[in-house]
Amino acid sequence: MDDYHNYIKENRAHWDELAEHHPDTDFYDIEAFLHGESTLRRLEREELTITNKRLLHLQCHFGLDTLSWIRNEGVAHATGVDFAPTAIETARELRDKVGLSSNEARFIESDIYELPSKLEDTFEVVFTSYGTIYWLPDLQRWAEVIANHLEPGGIFYIADGHPLAGPFDYESTADDLRIAHPYFNTEATTEEFDGSYAGWDFGLENRRSHGFSHSIEEIITTLADAGLRIKFLHEHPWSFFQRFEAMESDEDDRWRLPNLEYDLPFTFSLKAQKLTE
Ligand SMILES: C[S@@+](CC[C@H](N)C(=O)[O-])C[C@H]1O[C@@H](n2cnc3c(N)ncnc32)[C@H](O)[C@@H]1O
């Protein structure tokens, strides 16, 4: 088996096991979601107004954001895609629990790279967020899949960890920012964890996963090459998760390093439009 297929296979097993545990965590707070709270963040709600649109959500995990787009933001239809079967199964159960129909929300189990062979539809909007491209070995193919499923003039939006923040060690502090990972996508970062950002000790069997650094250049160039025009790239001085042990969050769940003299970008958001020809 070549490296690429092995990365996907091990990552799928890892994420499938995480998808068993995540619904029970405070991080995902399913009770609040079932009581009507949106899981979307202020950032994407402010930057992406897509009422009545048809949405494709890539790497949807177990569907909380997908369903929030419909229930809380007035999206007409959403298709969520993820390669973890447990995540997709839970997403369908949650859809039924909140009373949405399969005409409003459907969930497809697929490796992102295989999606064009499983889905013919095109969409007005393709959305992906928070913990996505790090798991993808090849951004050129990723951008091609996005373009393939967008209508001409359709919008792509991503919010995720800023590439500049990726290299720093988890133990970094404002006075001691240590480089522990590559900035450029030279090779996979293979690590073993017993959990995730949502809990560190799940007792996982599939501990090993493979991540990939992607530079700003790679993100922008692959999207442009696939026929998308960048409408904006915004950089934000906060992280959407506790990237470093020393980070503290505000009431908006935005994590910062206390005492950092000059801000660094920890999150980026980008909107692009598929060219009409
Ligand atoms: C960090 S989660 C996405 C987070 C999402 N914003 C959330 O919190 O619900 C990453 C997701 O990407 C999925 N994933 C990773 N690699 C994938 C691939 N090659 N194809 C499809 N899904 C993938 C995982 O199964 C996981 O559900």
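The values are calculated or read from the model by the stated rules, or taken from the named source; none is laboratory data. As the structure is a computational prediction, the values presented were derived from the model and not from experiment. Glycine also receives a Cβ, built like all others from the backbone with ideal geometry; neighbour counts cover every protein chain displayed. We work out accessible area using only protein heavy atoms, side chains counted, and drop any ligands, DNA or RNA first. Shrake-Rupley method; radii C 1.70, N 1.55, O 1.52, S 1.80 Å.
Exactly one residue out of Ala226, Ala180, Ala188 is farther than 15 Å from Trp135 by Cβ and either under 19 Å from the mean Cα position of the chain (by Cα) or surrounded by 17 or more Cβ atoms within 10 Å (Cβ to Cβ) (or both), and it is Ala226.
The rows are residues; the columns are (1) among the acidic types (Asp, Glu); (2) at pLDDT below 95; (3) out of contact with any Cys (no Cβ under 9 Å at 6 or more places or on another chain).
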| position | (1), (2), (3) |
| --- | --- |
| Glu46 | yes, no, yes |
| Phe62 | no, no, yes |
| Ile70 | no, no, yes |
| Ala76 | no, no, yes |
| Ala87 | no, no, no |
| Arg95 | no, no, yes |
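Once the stretch 154-196 is narrowed to residues that are in contact with a Lys or Arg (Cβ under 7 Å, 6 or more places away or on another chain) and polar (S, T, N, Q), the residue that is farthest from Asp24 (Cα to Cα) is Ser172. The residues in the stretch 42-92 that are more than 10 Å from the ligand (Cβ to nearest atom), open to solvent by 20 Å² or more (accessible area, probe 1.4 Å) and closer than 18 Å to Ser110 by Cα can be counted, and the count is 3. Being in a loop (DSSP other than H, G, I, E, B), away from the ligand (no atom under 13 Å from the Cβ) and touching a residue at least 40 places away in the same chain (Cβ under 8 Å) is the filter here; which residues of the stretch 113-150 pass it? Across the stretch 113-150, the qualifying residues are Asp121, His149. Among the residues of the stretch 83-126, those that are of a type in the set (D, E, K, R) and either touching a Ser or Thr at 6+ places or on another chain (Cβ under 7 Å) or farther than 17 Å from Leu64 by Cα (or both) comprise Arg106, Asp111, Glu114, Lys118, Glu120, Asp121, Glu124.
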